[in-house]
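As structure tokens, the structure follows; a few thoughts come after it.
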Amino acid sequence: MNQTLTPSPLEAALALQRQAYLAHPVPALAERKADLRTLQRFVREHKEALCDAINADYGHRSRVETLLAEVFPVVDGIDHVIKQLPGWMKPQRRAVDWRNFLGASNRVMAQPLGVVGVIVPWNFPLNLSLVPLSYIFAAGNRAMVKMSENSRHLAAYLMAHIPTYFPPEKLQFFDETGGVGIAFSQLKFDHLLFTGSSQTGRAVMAAAAQNLCPVTLELGGKAPAIVCDDFPLQTAVERIMFVKLLNAGQICTTVDHAWLPTGKVDEFVRLARSFARQRYPQLDSPDYTAIIDQRAFERLRHALQDAQDRGAKVLPLLDGPAFDAATRKIAPHIVLDAPLDCLLMQREIFGPILPLCSYTALDQVIDTINAGPRPLALYPFSFDAAQVQSIIERVMSGGVSVNDALFHVGQHDLPFGGVGDSGMGHYHGHEGFETFSKMRPVFYQARFSTLKFLWPPYGKLAERVLAFLIR
């Protein structure tokens, strides 16, 4: 007797969405706009509950940071996508070689890929699930979204409430209950977006390769800030430290470490200590976010101790205790003279710890950065346009913010993505729409084809035509 295997919930969800796609492969503009407005309405109507769920997952997450870095980008970004969508969907005219194809025409048509898988990290779980969804829906696709094991409260909330807004054949969320991430990455999606660590990204890409599933990988890396001698140090400190301490440094595009001209390190430390104390007077400040879990808390403490044991100066920036194990909070730290082979300088920090490196010549900085993996972001600080351009040209990275940090990611019309070890592919902006579309070339032949003159049997006419074409 043949025994039929029951599909897993993931396989069943994919089959349902695939069937719906095949039945209705190209949603009209009005339907896509409606999906985007529905997604936006969900966020607006559940804003406080979403903040509460993320706060519960973190142990403590500043409500204002959640509104600023997660809720606002989704709501505002959808407005941008809706405004641009008619132009993005319009078929593109392309040139035709009139000598070969007189009277013919070419178009590039953006068509939905089908079903897109999204694997979401814990650090900005609302932003990094719903912002991609805005581009996935804009391109006319359906989506399955797998949340992180550290986003249990948010995942439960999304799984409970999204079905009121979207049918399962359009959108489904999944929790990480052990082994789900592996099974999810092995599904035969039409595209897979992963945001997370480089190590996990390699495993996801290997799994997707078995299905020849194209992937967009948004990974991490050691994004450097380079403060040039002409840039005001006070301004550099304020901008770097604001970004570094946002979400307690748990951002893939935060400043991982900073390079300063020799002689400016001590002043940077003094100004950074003043900034930290003004913004976060004490460790239990409600504006200061906790480290996501105990493993990450211990990893950061171990990295600090490793640097100190090897001769680095570890400087907490707040008065009072530098750590609170009960709340998993770590005070802002600056680290001086960290050996290049210590943990802090070898791995992405992902916490409120800023190593400072001094330099006497920019070539030294550029050579050191280029000796390592290409970072997800690069942050030059200078008013010398030629100097900035030289840094941008000589140091390859995923993206760049000049005279600030992080905020290139917040530009709706700029693509976001890494390069090399920091990832591949883009979303955000028109590139995001194209990532989740098949940019399909279509050739329209004229009523009369001039290629008829080149049909066999080949004679003198064919030779004359070819002589004309390749003269």
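General remarks:
- P441 vs. criteria exposed (fewer than 10 other Cβ atoms within 10 Å of the Cβ), modelled with pLDDT of 90 or more and out of contact with any His (no Cβ under 6 Å at 6 or more places or on another chain): no
- Where R310 falls short, out of the listed (1) touching a residue at least 24 places away in the same chain (Cβ under 8 Å); (2) closer than 26 Å to A236 by Cβ; (3) surrounded by 14 or more Cβ atoms within 10 Å (Cβ to Cβ): (2)
- In the stretch 445-463, the residues that are free of Cβ contacts under 8 Å to residues at least 12 places away in the same chain and of a type in the set (G, A, S) reach residues that are assigned to a helix (DSSP H, G or I) and surrounded by 12 or more Cβ atoms within 10 Å (Cβ to Cβ) with C-beta atoms within less than 6 angstrom, at least six apart or across chains, in these pairs: A462/L454.
- The strands (runs of 3 or more DSSP E) found wholly in the stretch 299-413 and carrying at least 3 residues that are farther than 30 Å from Q84 by Cα occupy 313-316, 333-336, 353-359.
- Residues that are charged (D, E, K, R), open to solvent by less than 10 Å² (accessible area, probe 1.4 Å) and in a helix (DSSP H, G or I) within the stretch 35-86 comprise just one, E70.
- Contacts under 7 angstrom Cβ, first residue in the stretch 84-103 being closer than 15 Å to M439 by Cα and at pLDDT 95 or above, partner of a type in the set (A, V, I, L, M) and not in a helix (DSSP H, G or I), 6 or more apart: W88/A110; M89/A110; P91/V108; P91/M109; Q92/V108; R94/V108
- Among the candidates P373, P380, the residue that is more than 27 Å from N150 (Cβ to Cβ) and either touching a Ser or Thr at 6+ places or on another chain (Cβ under 8 Å) or crowded, with 20+ Cβ neighbours inside 10 Å (or both) is uniquely P380.
- First in the stretch 341-360 and farther than 9 Å from D256 by Cα and at pLDDT 95 or above, second anywhere and of a type in the set (S, T, Y) and open to solvent by 40 Å² or more (accessible area, probe 1.4 Å), Cβ under 7 Å, 6 or more apart: S358/T262; Y359/T262; T360/T262
- Restricted to the stretch 398-418, and to residues there that are under 27 Å from G140 (Cα atoms) and aliphatic (A, V, I, L, M), the residue that is least open to solvent (accessible area, probe 1.4 Å) is V409.
- Within the stretch 127-154, residues that are among the acidic types (D, E) have Cβ atoms under 9 Å from residues that are in a helix (DSSP H, G or I) in these pairs: E149/A155; E149/V180; E149/G181, counting only partners at least 6 apart in sequence or on another chain.
- Residues that are part of a helix (DSSP H, G or I) and surrounded by 11 or more Cβ atoms within 10 Å (Cβ to Cβ), drawn from the stretch 444-460: T450, L451, F453, L454
- Where strands (runs of 3 or more DSSP E) sit wholly within the stretch 188-233, those with at least 1 residues that are within 16 Å of the chain's Cα centre (by Cα) and aliphatic (A, V, I, L, M) occupy 191-195, 215-218.
- Subset of the stretch 87-110 [small (G, A, S) and either open to solvent by 50 Å² or more (accessible area, probe 1.4 Å) or within 27 Å of P132 (Cβ to Cβ) (or both)]: G87, A95, G103, A110
- Search result, residues across the stretch 240-250 that are of a type in the set (A, V, I, L, M, F, W, C) and open to solvent by less than 10 Å² (accessible area, probe 1.4 Å): I240, M241, V243, L245, A248
- Any hit, the stretch 183-195, residues being over 26 Å from R61 (Cβ atoms), buried (at least 24 other Cβ atoms within 10 Å of the Cβ) and in contact with a Phe, Trp or Tyr (Cβ under 8 Å, 6 or more places away or on another chain): yes
The values are calculated or read from the model by the stated rules, or taken from the named source; none is laboratory data. The shown structure was predicted, so the numbers you read here are calculated from the model rather than taken from an experiment. Cβ atoms come from the backbone with ideal geometry, glycine included; neighbour counts cover every protein chain shown. Note: areas computed on protein heavy atoms with side chains; ligands, DNA, RNA excluded. Shrake-Rupley method; radii C 1.70, N 1.55, O 1.52, S 1.80 Å.
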